[in-house]
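Below: one structure, written as structure tokens.
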Amino acid sequence: MAKTKILFTIAALVTFLTSCNNKSDEYIDPRGTDYAGSESCIQCHQTQYESAFHSSHSKATAPAIPENVLGDFSKGNPVFVYDKNTKLVVEERNDSLYQVLYKNGKEMEAHRFEIVFGTKHAQTSVYWHNNNTYELPLSYYTSVHSWATSPGFPSDKPYFDRKVVKDCYSCHSSNISSRTVDQSSRENSFLTMDAEDIINKKTIVYGIDCERCHGPAKQHAEFHLKNPNVKVANSIVSYQSLSRQQKLDACALCHSGNDGIKVKSRFEFKPGDNLSEYMRSMSDPSGTAEFDVHGNQYRLLAQSKCFIKSEKMDCITCHNPHENASQNLASYSKICMSCHQEIKHSAATLKTMPVSLLANNCVECHMTKKSSNAIRFQLSNNAEMSNYILRTHKIAIYPKT
């Protein structure tokens, strides 16, 4: 009887130990064998994983299954009218969504939603054709709760040949690979250059995942599963060990505009790298240059006196990268007041709002919402151009309008 109990205990222990295996052993990542896949992180970082999974970072790109596509289809198919004879209709066919072009009531062409970009302020979609992706003419904008022209598309005629190349994915996904050509034999050229004519759809890793910001985690996961009592992060970059600029560069990789000179693919960037090795900016962020509110959060922040005078302020001072930006403006005011407790508003300002409300509303006045000139759109049957509205990251005193 005692022998049976011992055997049972051993069997139970073996079952327990084998069930606590490294999930990364079962996963093959298109980025290489040193990547574990984000699902391996949930074993030790469940709270952070689940929070990040529902964030805009994670949803920066996603498969275009109906539940991932924004817009209300309960009242019928959305229709965009170009002229009396031409319209584009968003239709559901066989559990997929399509943008369908009709002329004089006759279907001319239909393209399936295959990948969606964005989920918070707006969402645009692409379809695959000849190993490349092409943007669809209509996008959904949450500010107007409606479909309108995709950024840069005209409202008088639709077209379907705007290519979305690999570099567009570098801030909306964690990986996608294109064919490369060897340039090593040519003078004054980079060793490898992306050949944008072919993209391998099997290599996409949707959204911004854990390893895009924390680096390859295979060795890290293996070590800590074997050594659960070790609490110091092993074989992975610790953000606490990074310099202020290195922390900023990790965010600025995708939040400092897209007008610089590309030196290396942003997909190669790892936390701790210097951004200047990947992108060469054409503007001085601390100067007087005018930056659009879309995609230039770092450069706008760098122009702020709060940032310039601080030795520690970085993006994480105000933002948890695992979560969407808080809609509770008072939470940001607490951060502001930690440095500005002695600031007193002018008599003119005090007339506009009670002191109690001012103390909880720093962002509304000092990081005002502005129109983006980079993203503009038009609604159906409307000649007026609408602008994307975003909150600026340049902290300043703005005149009341």
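The values are calculated or read from the model by the stated rules, or taken from the named source; none is laboratory data. Just so you know, these numbers come straight off a predicted model, no measurement behind them. We place every Cβ from the backbone using ideal geometry, glycine too, and count neighbours over all the protein chains shown. Please note that ligands, DNA and RNA were not included when accessible areas were found on the heavy atoms of the full protein model with its side chains. Shrake-Rupley method; radii C 1.70, N 1.55, O 1.52, S 1.80 Å.
Would you work out the relative contact order for the chain, in percent, from Cα pairs under 8 angstrom that are 6 or more residues apart? The partial results should precede the final answer.
Values: 654 pairs, mean separation 57.2, N = 401.
Computed over the chain, the figure is 14 percent.
Can you tell which of Thr368, Thr47, Thr349 shows the greatest fluctuation in a Gaussian network model of the chain with Cα springs below 10 Å?
The residue that fluctuates most here is Thr349.
Can you work out the Karplus-derived ³J(HN,Hα) for every residue in segment 246-255? Use 6.51 cos²θ - 1.76 cosθ + 1.60 with θ = phi - 60°, whole Hz, and x for glycine or proline.
5, 5, 5, 4, 4, 7, 5, 3, 10, 10
Considering only protein heavy atoms, what per residue accessible area in square angstrom results for the chain with a 1.4 angstrom probe?
Ligands and nucleic acids excluded, the figure is 59 Å² per residue.
Out of segment 337-401, which trypsin sites (Lys or Arg not before Pro) are coil in DSSP terms and have no more than 15 other C-beta atoms within 10 Å?
The qualifying sites are Lys344, Lys400.
Which parts of segment 57-88 would a label at Ala325 reach, counting a residue when its backbone N lies under 15 Å from a point 7 Å out along Cα-to-Cβ?
Answer for this model: 57.
Excluding His145 itself, what net charge comes from residues whose Cβ is under 12 Å from its Cβ, given Lys and Arg +1 and Asp and Glu -1? Provide the component values of the computation, followed by the final result.
Values: positive: Lys75; negative: Asp72.
Around His145, the charge tally is 0.
Express in nm, to one decimal, how much length is gained between Ser243 and Asp156 on full extension, taking 0.36 nm for each residue of separation and deducting their alpha carbon distance.
26.3 nm
Per-residue HN-Hα couplings for segment 169-177, Karplus 6.51 cos²θ - 1.76 cosθ + 1.60 at θ = phi - 60°, whole Hz, x for Gly and Pro?
Running phi through 6.51 cos²θ - 1.76 cosθ + 1.60 with θ = phi - 60° gives 7, 5, 10, 10, 9, 9, 5, 7, 10 Hz.
Explain nothing, just compute: Karplus ³J(HN,Hα) = 6.51 cos²θ - 1.76 cosθ + 1.60, θ = phi - 60°, for every residue of segment 152-165 in order, whole Hz, x for Gly and Pro.
x, 8, x, 9, 9, 7, x, 8, 10, 10, 7, 6, 9, 7
Mind checking which of Phe291, Phe73, Phe267 has the largest fluctuation in a GNM of the chain, springs on alpha carbons under 10 Å?
Top of the fluctuation ranking is Phe73.
For the chain, with a Gaussian network of springs between Cα atoms less than 10 Å apart, report the residue from Ile65, Ile199, Ile208 with the top mean-square fluctuation.
Between Ile65, Ile199, Ile208, it is Ile65 that shows the largest mean-square fluctuation.
For segment 260-324, with the dipole built from +1 on Lys and Arg beta-carbon atoms and -1 on Asp and Glu ones, taken about the Cα centre, which of Met313, Tyr278, Leu300 lies farthest toward the positive end?
The listed residue farthest towards the positive side: Tyr278.
On full extension of the chain, what length is gained from Val79 through Ile397, given 0.36 nm per residue of separation minus the C-alpha to C-alpha distance?
Stretched out fully, the Val79 to Ile397 stretch lengthens by 110.2 nm.
As a test of the formula, what do you get for the chain when each DSSP H run with n ≥ 4 contributes -39,500 (n - 2.57) and the sum is divided by the residue count, at 222 nm and rounded to the nearest 500 deg cm²/dmol?
Rounded to the nearest 500, it is -6000 deg cm²/dmol.
Where the accessible area of the chain is counted over protein heavy atoms with a 1.4 Å probe, how much of it, in %, is carbon and sulfur?
54
Ile198's amide H: which non-local residues (gap 5+, or another chain) put their own amide H closer than 5 Å, with H modeled 1.01 Å from N in plane and none for Pro or chain starts?
It is Arg179, by chain and number.
Give me the extension gain from Thr288 to Lys264: residue separation times 0.36 nm, minus the current Cα-Cα distance, reported in nm with one decimal.
Computed gain between Thr288 and Lys264 is 5.9 nm.
Considering the dipole of segment 277-389 built from charges on the beta carbon (Lys and Arg +1, Asp and Glu -1) around the Cα centre, which of Pro354, Phe377, Thr288 is farthest to its positive end?
My answer, from the dipole projection, is Pro354.
Which label marks the calculated value of log10 I(q)/I(0) by the Debye sum over Cα atoms at q = 0.08, 0.09, 0.13, 0.14 Å⁻¹, given the options (i) -0.40, -0.50, -1.04, -1.20; (ii) -0.43, -0.54, -1.15, -1.33; (iii) -0.55, -0.69, -1.26, -1.39?
(iii)
Among the listed pairs Lys163/Lys218; Lys166/Lys394; Lys84/Lys106; Lys75/Lys202; Lys163/Lys264; Lys226/Lys264, which have their C-alpha atoms separated by more than 25 angstrom in this model?
From the list (Lys163/Lys218; Lys166/Lys394; Lys84/Lys106; Lys75/Lys202; Lys163/Lys264; Lys226/Lys264), the Cα-Cα distance tops 25 Å for Lys163/Lys218; Lys166/Lys394; Lys75/Lys202; Lys226/Lys264.
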